[in-house]
Amino acid sequence: MTRVLIVDDEFHIRDGIKRSIPWNEMMAERVVEAEDGNTAWQVYQETKPDIILLDINIPGIDGLGLARRIRKTNEETQIIFLTGYDDFPKVREALKLRASDYLLKPVSYGELMEAIRKALGNIKERKQKNSYIQGLEQKVTDYGRAAADHLLMDLLQQRRSVHEVKEELSKLGVNFRWDVSYDVMCADIDEFRKYMNQATLRDRQLYLYAYRKMAHELLESSGNRFYMMSGGLSRLILIVENDERTPEESELWFMDMAKQLQEAFKTYLRMSVTIGLSGQTVHADELHLAYHEAVHACEHRALTGNGLIIPFRLVEPIHNRKKRLLSKELYLLGEMRAGNDTGILKVLEQWKSELDDMPLPDAKLAASQVVMFVMRLADEADLRHNSPHLANPLAELAKCRNRDELLQFVTAFFVSVGKAARASKEAPCLKVIEQARQWIREHLSENVSLANLAHHLHLSPNYLSSLFKQATGENFSEFTARVRFERAKELLADPELKIQEIAAMVGFSDSNYFSIAFKKHHGITPT
């Protein structure tokens, strides 16, 4: 789309040009006009036209003066001069200003169309040339970025020495700072093969592109210098510069950024991603250690389950553990599977005294090992899907600043798992009761007996009777009576129905007996 400015002090000439030329066919999105040089300069600055039809002899700044101003700001604007015979000596200067064309007044329609087409051709050729140059520049930029990423991966995986990588990055013009600390993040798509097998080839390419693009934009918006490399189709390695934050501040910032990444992937791509976080490096020469920490933490999803943020210091192997807590851990897991809150709290009380003798880092490490086992238990029983409290316990554990906070978090977490386990055991029972309620409502006018209901649900009458008592606190007859009268209240809301009709619909052959039973149950008569 092009923009056009018509500059002439004669209204009929401006109007004639504006009306006679099929601007829409020529892809002109806007055609504006001016009657003098001063107005034209103001309009030019506001609209930045691609083509100017410019009369040389105009009031104010003359056409040549206006063209000089334009050329100082834009070499590409197509200027078509409109001249009279008296202005012909000025044509030589017009050519020096690289006019696209010049036309003698009165201008014929054919000449004007040819000049405009020529200007449009110049614009198209210029855009193609610029596009080609920009394409080459982009290729050079992409090549440099890819080469830098490759060099940094060589550094992380120790395929090249620090000295060699420094030299090569310098040649590429990459300003990688070697005097600051860094954090490394490893993000990996969970169940990648299964995920990709369900997508078309085009969708795979789009999703992987969006995966990288989204991570890049989120980190870019944070204002931190970073480098992003591919560790494989599903894996991103992110090196984030950190020269001001303390290790504690850095971990909190890194946790928050990891959560934002996970949320973005989940919301927009419906991807579950596990993220491993390194500790903070002292200087860039130790980046390979941070890389291995982040990857090691990410690989712990085999133990903890998918979709978590896992700091390395919580999965670092314990070499000198002061206390053996294994027996209590196993007992604790057993109590959780049973959903026994009392048993869980009893073990934690004993466990607290064991942790009191440990430094906080060791206590966190010990707690994290048990948390991981519990997370595996939760995954096996599909508990985390139904309980938001179990979403990312390792990340929350890492934030604990002292032993009291650690114990509070672990207690709340373990009790949550226990409750989720108990609820999962109760769910089938509740489903059966709901099916029973539905069947009773549908057969209220018939013989609703425990035997008939048990036959429908394929259960023994004795077992069904115990389920009712366990789930509702009522026996079968009490439960059935309650359902009858709940339905009766609904039917009584319909003024078209008579009481004897409602009595029959909820299983009472005698409407008087129905009224007496209803009053006994609700304290008021049906009327």
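For (1) in a loop (DSSP other than H, G, I, E, B); (2) open to solvent by less than 80 Å² (accessible area, probe 1.4 Å); (3) of a type outside the set (F, W, Y); (4) modelled with pLDDT under 80, each residue gets a yes or a no:
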{"residue": "F414", "(1), (2), (3), (4)": "no, yes, no, yes"}
{"residue": "A427", "(1), (2), (3), (4)": "no, yes, yes, yes"}
{"residue": "N447", "(1), (2), (3), (4)": "yes, no, yes, yes"}
{"residue": "A454", "(1), (2), (3), (4)": "no, yes, yes, no"}
{"residue": "Y463", "(1), (2), (3), (4)": "no, no, no, yes"}
{"residue": "E474", "(1), (2), (3), (4)": "yes, yes, yes, yes"}
{"residue": "S477", "(1), (2), (3), (4)": "no, yes, yes, no"}
{"residue": "E496", "(1), (2), (3), (4)": "yes, no, yes, no"}
For this session: Considering only residues that are touching a residue at least 60 places away in the same chain (Cβ under 8 Å) and under 17 Å from M153 (Cα atoms), look in the range 192-234 and name the one that is most open to solvent (accessible area, probe 1.4 Å).
Result: S230
For this session: Return the residue satisfying two criteria in turn: it lies in the range 394-408 and is assigned to a helix (DSSP H, G or I) and open to solvent by 40 Å² or more (accessible area, probe 1.4 Å), and of such residues it is farthest from L345 (Cα to Cα).
Result: E396
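E442 - would you say it is exposed (fewer than 13 other Cβ atoms within 10 Å of the Cβ), under 30 Å from I502 (Cβ atoms) and either at pLDDT 75 or above or of a type outside the set (A, V, I, L, M, F, W, C) (or both)?
On the way: exposed (fewer than 13 other Cβ atoms within 10 Å of the Cβ): yes; under 30 Å from I502 (Cβ atoms): yes; either at pLDDT 75 or above or of a type outside the set (A, V, I, L, M, F, W, C) (or both): yes.
For E442, the condition - exposed (fewer than 13 other Cβ atoms within 10 Å of the Cβ), under 30 Å from I502 (Cβ atoms) and either at pLDDT 75 or above or of a type outside the set (A, V, I, L, M, F, W, C) (or both) - is met.
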Seminar exercise, completed: If we keep only residues of the range 157-167 that are out of contact with any Leu (no Cβ under 6 Å at 6 or more places or on another chain) and either basic (K, R) or part of a helix (DSSP H, G or I) (or both), then the residue least open to solvent (accessible area, probe 1.4 Å) is V162
Exercise. Could you list, in sequence order, the residues of the range 77-90 that are modelled with pLDDT of 85 or more and either in a helix (DSSP H, G or I) or not aliphatic (A, V, I, L, M) (or both)?
Worked result: T77, Q78, F81
For this session: Could you tell me whether the range 168-191 includes any residue that is among the hydrophobic types (A, V, I, L, M, F, W, C), surrounded by 17 or more Cβ atoms within 10 Å (Cβ to Cβ), under 30 Å from E263 (Cα atoms) and touching a Ser or Thr at 6+ places or on another chain (Cβ under 7 Å)?
Result: yes
Problem set entry | Among the candidates V315, V240, V295, residue that is surrounded by 19 or more Cβ atoms within 10 Å (Cβ to Cβ), over 21 Å from the mean Cα position of the chain (by Cα) and at pLDDT 80 or above | V295
Seminar exercise, completed: Requiring at least 2 residues that are touching a Phe, Trp or Tyr at 6+ places or on another chain (Cβ under 9 Å) and of a type in the set (A, V, I, L, M), the strands (runs of 3 or more DSSP E) wholly within the range 184-281 are 235-242, 273-277
For this session: Determine whether the range 118-132 contains at least one residue that is exposed (fewer than 12 other Cβ atoms within 10 Å of the Cβ), out of contact with any strand residue (DSSP E or B) (no Cβ under 6 Å at 6 or more places or on another chain) and either among the β-branched types (V, I, T) or more than 30 Å from W23 (Cα to Cα) (or both).
Result: no
Problem set entry | Boolean, K18 is on the phi < 0 side of the Ramachandran plot and open to solvent by 60 Å² or more (accessible area, probe 1.4 Å) | yes
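The values are calculated or read from the model by the stated rules, or taken from the named source; none is laboratory data. Values in this document were obtained by computation on a predicted structure and should not be read as measured data. Every residue, glycine as well, gets a Cβ built from its backbone with ideal geometry; the counts of neighbours run over all protein chains shown. For the accessible areas, the whole protein counts, side chains as well, though only heavy atoms, and no ligand, DNA or RNA atoms are used. Shrake-Rupley method; radii C 1.70, N 1.55, O 1.52, S 1.80 Å.
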